[in-house]
Structure formats: C-alpha cells, structure tokens
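Right, one structure below, let's go through it.
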Amino acid sequence: MDWLNYHHLFYFWSVAHEGTVSEAARQLHLARPTVTGQIRELEKAVGQQLFRQKGRSLVLTEFGQQVLEYADEIFSVGHELREFVKTGHPGTRRRFRVGMPDVLPKLIAFELLKPALQGAERPRTECYEGKLLELLTDLAKHKLDLVLSDSPAPTTLDFNVFSHKLGECGLSLLAISSLARQLQKGFPETLTNAPMLLPSQHTTVRRSLDRWLDERDLFPTIVAEFDDSALLKVFGQAGEGVFPVPTAIEDRVKKQYEVALVGRIPEVLDVFYAISVEKRVEHQSTLRILKQAANTFFSRAPQAD
C-alpha cells in the first residue's frame, strides 16, 4: 500500500461506529453496495480482513480494531482542521488522556481532575474506563497520559510506570435515612445482619474493610457486590443496603443520592494514586492534579463528630 485512500478509511470508520453497513450508508446518504465495495477495497489495500460476520452483525477483527484506533485519531484531527479553517482560530487543544478503573468513585475522579479542567489553556480532557492492567498497558504505550487508581501499579509489571500517592481518607457508611436511623445508635455493632452493598473483592478497599469487620466480629448480610462504584450508589439510594464511600466525598454523596450517615471508619483508608510513565512528573495537567490533591482536596474531608 503506497498511499492510503482516506475515502475508503472514512467509510470503514463510519461502519465501525454505526455498527452496520446499512446504518452507515444511511448516515452517508450512499447505497449499501457502495459502502461495502469501499470497505472491500480498503481490505484489499491493507491485505487483511477488517470485519467478520457474527450473525447479522459485523464485528471488528483484531487488526480492524487497531486500524480503527488510528482512524479515530485521523478524523479527530481532521475535525479540528475544519474548525480552524472555518473560524481562523486553532481548534486544537492539547489532549489530556486519563484512564480510570470502574471501581474508582466518579466523584473522586471528578474532584481529582478539576485542576486539569481549569485555567486559560486547559487541555481537552478525555476519560477512559477499564481494568487497571489494561489501562496501565495503554499508559506504557503512550495511549494515555495518566491513570487514576485506588491502588498503586503492581510491582510485577514487565514495563515501567510510576505511582504517585495523591492522598488518603477513611470510609463513611451511608444508607437511606430510615435505615441509617436504625443503625446509628450502637454503631458499629449494629452492622451485624444489616444489609450491605460492597465493592468487589479484588479492590484494595474491600479487602481492608473485610479485615476490619472480621477483627470486630461483625457479620453484615452482603446483598450485592459491584465493580462499578456508581451502580453501588444507585442501589444504596434505592434502599438496598448500607454502602461505603470515601469520607472525602461523603457530603457530596449524601446530597446527590439523598442518603444519611450511618458511621465513619477512619481506620480503613481509601488511598488514591496518579500513575504515570514519568518518575519525575513534568506534564502540567498532572502536576496541577498532584498539587491540589495534596494541598486541598483530602484535607477537606469531614471530621469525626
């Protein structure tokens, strides 16, 4: 392939994002055979299959997924070029690509990212969720600029990344008001047999919380476990059980989800990290995050009553 035909690539990109040739053809105002023919020409040019049939749908091959990642970059830059040509002002802002595991509380992620969203020359921030190991692999390949996590990078990785501690705080247990009132007096002993919603067992904070319960011979009834911190809170809001949140966002969660405090567990620490490919951080957005997290965010956590 001496030269890439960007029309062919654009039709491929459209089908990949629309999910079917028919829908892509409708969006492009083209006949379905035209779009199909253009994709076949691209496959012929690159020498590999981009899609495979699965039932009535098309799914990307592994090679096709890699091509799509390049296509996303190409057409994102193309959109910025059109913006520049149309307005005369550079549409390009430096991108800040951040990965975070599903278990990271969204309110924590927002508070940690806020410094990067401020200022006259703030970057265009892109957030991606996934499993920590996959995110760290993308970080090492420079597909991400930073990973926010509730645990440091494993020491067993075969590539170098560096964990920078952002801060720590205890846990607050929350529940709907009626359930909270039942459990407040006599806490934490009242947790035995109480319905509880917990993060999944592979999280650091869950293991710490389990140890804390075991040491005090407390045996709550575990109603459900979650990889997604947002879904855990939705279940808690619906009255399905007591649920833990980092004390640093206790007030925000109580207000947003209309729940009340059952009790605090300062002994169980939720620790948060910024993971980068730099041992000495130079990326300006990351530096702002590190500075604000250390100086203000975690120091504002509610204190014991």
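Among the residues of the range 181-201, is any out of contact with any Gly (no Cβ under 7 Å at 6 or more places or on another chain), under 30 Å from ASP138 (Cβ atoms) and assigned to a helix (DSSP H, G or I)?
Among the residues of the range 181-201, not one is out of contact with any Gly (no Cβ under 7 Å at 6 or more places or on another chain), under 30 Å from ASP138 (Cβ atoms) and assigned to a helix (DSSP H, G or I), which makes the answer no.
Which one of PHE219, PHE226 is surrounded by 14 or more Cβ atoms within 10 Å (Cβ to Cβ), more than 17 Å from PHE272 (Cβ to Cβ) and not polar (S, T, N, Q)?
None of the others qualify; the one that does is PHE226.
Quick one: LEU171 ticks every box in (1) closer than 26 Å to ALA109 by Cβ; (2) within 24 Å of the chain's Cα centre (by Cα); (3) assigned to a loop (DSSP other than H, G, I, E, B) except a single one, so which number is it?
(3)
Considering only residues that are in contact with a helix residue (DSSP H, G or I) (Cβ under 9 Å, 6 or more places away or on another chain) and among the aromatic types (Phe, Trp, Tyr), which ones fall in the range 114-170?
Within the range 114-170, TYR128, PHE159 meet the criteria.
Of the conditions (1) on the phi < 0 side of the Ramachandran plot; (2) within 30 Å of the chain's Cα centre (by Cα), GLY239 clears all except one; give me its number.
Every listed condition holds for GLY239 apart from (1).
Only one of ASP158, ASP138 is in a loop (DSSP other than H, G, I, E, B), more than 30 Å from VAL259 (Cα to Cα) and among the acidic types (Asp, Glu). Can you tell me which?
Exactly one of ASP158, ASP138 is in a loop (DSSP other than H, G, I, E, B), more than 30 Å from VAL259 (Cα to Cα) and among the acidic types (Asp, Glu), namely ASP158.
If we keep just the residues of the range 116-135 that are within 22 Å of GLU73 (Cβ to Cβ), touching a strand residue (DSSP E or B) at 6+ places or on another chain (Cβ under 7 Å) and not in a strand (DSSP E or B), which is modelled with the highest pLDDT?
That would be LEU135.
Any idea which of (1) among the small types (Gly, Ala, Ser); (2) surrounded by fewer than 16 Cβ atoms within 10 Å (Cβ to Cβ); (3) assigned by TED's automatic domain parsing to the domain that holds VAL103 is the one GLY239 doesn't satisfy?
Going through the list (1) among the small types (Gly, Ala, Ser); (2) surrounded by fewer than 16 Cβ atoms within 10 Å (Cβ to Cβ); (3) assigned by TED's automatic domain parsing to the domain that holds VAL103, GLY239 breaks only (3).
Can you tell me which residue is farthest from GLU240 (Cα to Cα) among those in the range 191-201 that are free of Cβ contacts under 8 Å to residues at least 60 places away in the same chain and not hydrophobic (A, V, I, L, M, F, W, C)?
Restricting to residues being free of Cβ contacts under 8 Å to residues at least 60 places away in the same chain and not hydrophobic (A, V, I, L, M, F, W, C), the top hit is GLN201.
Looking at this structure, is LEU135 outside the structural domain of GLU73 (by TED's automatic domain parsing), buried (at least 16 other Cβ atoms within 10 Å of the Cβ), over 20 Å from TYR70 (Cα atoms) and not small (Gly, Ala, Ser)?
Considered against the rule, which asks whether it is outside the structural domain of GLU73 (by TED's automatic domain parsing), buried (at least 16 other Cβ atoms within 10 Å of the Cβ), over 20 Å from TYR70 (Cα atoms) and not small (Gly, Ala, Ser), LEU135 comes out as no.
Got a sec? Which of SER200, SER208, SER285, SER229 is small (Gly, Ala, Ser), within 25 Å of VAL147 (Cβ to Cβ) and assigned by TED's automatic domain parsing to the domain that holds LEU133?
Of SER200, SER208, SER285, SER229, the one residue that is small (Gly, Ala, Ser), within 25 Å of VAL147 (Cβ to Cβ) and assigned by TED's automatic domain parsing to the domain that holds LEU133 is SER285.
Would the range 137-144 turn up any residue that is of a type in the set (Ser, Thr, Tyr), at pLDDT below 90, under 22 Å from the mean Cα position of the chain (by Cα) and closer than 24 Å to VAL277 by Cα?
no
(1) under 30 Å from LEU117 (Cα atoms); (2) surrounded by fewer than 13 Cβ atoms within 10 Å (Cβ to Cβ); (3) of a type in the set (Phe, Trp, Tyr): which one isn't true of TRP3, the others all being true?
All conditions pass for TRP3, except number (1).
In the range 188-216, what residues are more than 22 Å from the chain's Cα centre (by Cα), surrounded by fewer than 16 Cβ atoms within 10 Å (Cβ to Cβ) and of a type in the set (Ser, Thr, Tyr)?
THR192
Within the range 23-33, identify whether any single residue is within 23 Å of LYS143 (Cβ to Cβ), surrounded by 13 or more Cβ atoms within 10 Å (Cβ to Cβ) and not hydroxyl-bearing (Ser, Thr, Tyr), and answer yes or no.
no
The values are calculated or read from the model by the stated rules, or taken from the named source; none is laboratory data. These figures come from a predicted structure and were not determined experimentally. Every residue, glycine as well, gets a Cβ built from its backbone with ideal geometry; the counts of neighbours run over all protein chains shown.
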